[in-house]
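Notes for the one structure printed next.
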Amino acid sequence: MEEDVGVCNFLKDPLSINDLITSGTNFEINTNFDDGFTNVIYDELNLGSDDEFEDDSKAPIDQTLLVSPWTKSFHELKQHMLQLNPYIWKKITKTGNEEESVVPAVNARACIRYNAYWEGEGAPFDSSFLRGSSHSFYTGRNEVLEGLEHAVCTMRKGENAQFVISYHLLFREMGCPPRVKPKADGLFIIELVGFNLIGDIDADQQIPEEDKNKYAIVIDKVKEIHLKGLDFFAQGMHRNACRAFEKALDLLKFCRLSSEDEEREQTTFLLKLYTNLAVCYIKINAPAKTCIMCKEIRHLTNNKPSCKALFQEGRALLMLGEYGKARGILIRAQHMEPNNGDISRELKILEDRYKRYKDNEQKMWSKAMGLLKTTVAEPTKENDDYLGDLEQEMLKLMQNFKDSEDQKDLKLPAGLTSKEIETLDALANRLDLKLTLNTLDNNTYTLKKK
């Protein structure tokens, strides 16, 4: 009777072979198949890498993708395949990008979707589709089966291929009974979603001290550190990414250039690093630093930044509560890319947030001015006694403004009396705020933070 083949399960903790063959051991199945797997690299903001790829593995599973395309003997299947070495046979079913290299055997992070089958069986013994996610791994680190890694390292981005892999590169002669029979060859159906080089954040340590200002020597190490920053970002390690990009920037800025070509190449890479940092500072809630990066970009581009740089600057200004400036920057970016959905969504967020800000401002000052007018309407003894309550209310409103991270200044309503201005000024000084007369309109005042 044939054994039913289900989904390959994973253990929460590794087993000791010695315990298995001597005293025995207990184990527990891990039902969360995504644990330990890194999701596909997806750079939502384009950090300057050409090796970006998206993951649609969260879409509903097409059951037809799980059925083996070959249930006859592997010997027959091999007749239709190319033998790569003594242990691997390959058949390409969809050609990848011929302009790109195959996956490097070391220092790359590859993202694949795959099904794996035993000979003569229609259901997969392992499948990234059944886990509901693609699978990423680093090459050269023995993170997956040896045969699977060798197979992937023959593929180009976007390629689909079938591989028959000998047991020599899978579970060897013994297998893993009863799930894996001895000397069990496997059929792997693999799609290479993409791969990224991962770089080395300590690449600069390989530069001799006397060469650290020579551009021709430094630039290769800067690129290595930059790649590591991209890898950090792809894993959501945004602070580490910041440190990598900052390190690359410091190395590159102070290089001694020997030609105009080196100057142009340096400028191009500086722009990439500044843009990367602008993105990362947004991610770690440091919008002021993003604005500094965007200022550097403006300087390098003669005030003609890219749409991506404008988008980051607009987002940073929105986070800082500079609604007017943010809107102007985002509209400029939208003119450059009218169909960019990210810019349209950010403008919608800005308009909604600005409307709430104005509504709250109006409510706050309507309440405050109502109290003021009630108090100063008639200079009676009762009103003098009530002034303490008024000051307390105004103090509370101003304190809320001072504590707000979104508000940098607050325009007061027009038509204030001298008594109202005097009261507001005294309270502003108490809170270390500044009340200023608007230069373009001598009838209105603005409350600002010092």
Kindly rank 258-271, 287-300 from highest to lowest mean number of other beta carbons found within 10 Å of each residue. 287-300, 258-271
I need the peptides 81-88, 234-241 ranked by packing, meaning the mean over residues of other C-beta atoms within 10 angstrom, with the highest value on top. 234-241, 81-88
Report the extension gain between residue 396 and residue 264 in nm, rounded to one decimal, defined as 0.36 nm multiplied by the number of residues separating them, less their alpha carbon distance. 42.0 nm
Filter the cross-link list 223/348; 348/411; 325/402; 223/308 down to pairs whose alpha-carbon distance in this structure exceeds 25 Å. 223/348
FRET efficiency for residue 84 and residue 223, Cβ-Cβ distance as r, R0 = 22 Å, nearest 0.05? 0.10
Neighbourhood charge, 13 Å Cβ-Cβ cut-off, centred on residue 202 and excluding it, Lys, Arg +1 and Asp, Glu -1: +1
What is the gain in length, in nm to one decimal, between residue 210 and residue 352 on full extension, counting 0.36 nm per residue of separation less the C-alpha to C-alpha distance? 45.6 nm
Tally Lys and Arg at +1 and Asp and Glu at -1 over the other residues with C-beta under 11 Å from the C-beta of residue 172: what net charge comes out? -1
Label-zone membership for the stretch 134-150, site residue 176, 7 angstrom Cα→C-beta point, backbone N under 15 Å: 143-149
Over 24 Å (Cα to Cα) - which of 247/304; 212/247; 295/355 fall in this group: 247/304; 295/355
Carbon plus sulfur, as percent of the 1.4 Å-probe accessible area of the stretch 82-173, comes to 49
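The values are calculated or read from the model by the stated rules, or taken from the named source; none is laboratory data. If you're wondering where the values come from, they're calculated on a predicted model, not measured in any experiment. Positions of Cβ are backbone-derived with ideal geometry, glycine not excepted, and every protein chain shown enters the neighbour counts. Quick note on the areas: whole protein, heavy atoms, side chains included, nothing else; ligands and nucleic acids left out. Shrake-Rupley method; radii C 1.70, N 1.55, O 1.52, S 1.80 Å.
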